[in-house]
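Student: Dumping the structure here so I can ask a few things about it.
Read-outs: derived from the displayed coordinates by stated rules, not from any lab. Because the structure is predicted, anything quoted here is derived from the model rather than measured. A quick note on method: Cβ atoms are made from the backbone with ideal geometry, for glycine too, and the neighbour counts reach across all protein chains shown.
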Amino acid sequence: MQLFLWYTDIKSTIGGELIIYHSKEKQNKDDLIKEFLGTANEIQRRFQTEDDEEKKWMIENSPNLVIAEMMKEMTVLSLHVLDAIGKLEPVNGNTISKKFGIPKGSVSKITRKLVDRQFIIIEHLPDNKKEILFRTTSLGKEIYHLHAALHNQIESNMNRFLQRYKEDDLRLIVSSLGEIVRTSWIYPNTISESSALSQKNSLISEEIETNINLGSLFVNEEINDIIVMLGKLDSRSLKKAKTILNDVFFTVYEE
């Protein structure tokens, strides 16, 4: 009888400790998810200001004072359209719209302004006068190369920054961001059928969701469904993801 009572007491103690452990782990995850979602909000705001930073960099680093002055009147979307033309020239508006996801109406409006500013010219096919093609002028090419230099600067700095992390850390951030891209935040359980890994993680997510009550989290509607993806990570992985995202998007490194 004593042995049975001892066993029962030990079992009860272990069971109680497990309950406390899982309860603490859940609380830690909930707290980390709140922090992560707060960071996601900051990232969203950062993206809204990043375009202005890019334009400022191009103005400051333009070797041509005329172009630097013209850049002040250009919108970020105009730069993207000019960049698309520089990459694909000669190219028509439909191709720009499809390849870069820019509405056709916006492409038409912007290309007219770029023509007026003599950044691009219009060409016609010899056998099809209705087909309008765009090509950069010498001024347009200078802006295109300046924009390319900006992105080379960004990629170089990003590469140097990420080299500090271990392979496992990089795999985590690549995997997490990949799932974000593949996941629909409107229908969070609907993800790309072509991704076997994504399908597997969806099943794991459904199992975890039954044990974690995330309904009490108050987050912005735009990113609320990201909880589904974050629920797949353990506490250690959430800490890594939060640290990496914070470093990538909010830490400024000097050249």
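So that you can scan it fast, the table gives a plain yes or no per residue for (1) at positive phi; (2) surrounded by 11 or more Cβ atoms within 10 Å (Cβ to Cβ); (3) not aromatic (Phe, Trp, Tyr):
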{"residue": "118", "(1), (2), (3)": "yes, yes, yes"}
{"residue": "122", "(1), (2), (3)": "no, yes, yes"}
{"residue": "126", "(1), (2), (3)": "no, no, yes"}
{"residue": "129", "(1), (2), (3)": "no, no, yes"}
{"residue": "133", "(1), (2), (3)": "no, yes, yes"}
{"residue": "140", "(1), (2), (3)": "no, yes, yes"}
{"residue": "146", "(1), (2), (3)": "no, yes, yes"}
{"residue": "150", "(1), (2), (3)": "no, yes, yes"}
{"residue": "157", "(1), (2), (3)": "no, yes, yes"}
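Student: If residue 103 passes every condition in (1) farther than 26 Å from residue 149 by Cβ; (2) of a type outside the set (S, T, N, Q); (3) without any contact (Cβ under 8 Å) to a residue 12 or more places away in the chain; (4) surrounded by 12 or more Cβ atoms within 10 Å (Cβ to Cβ) but one, which one does it miss?
Tutor: Looking at each condition in turn, residue 103 falls short on (4).
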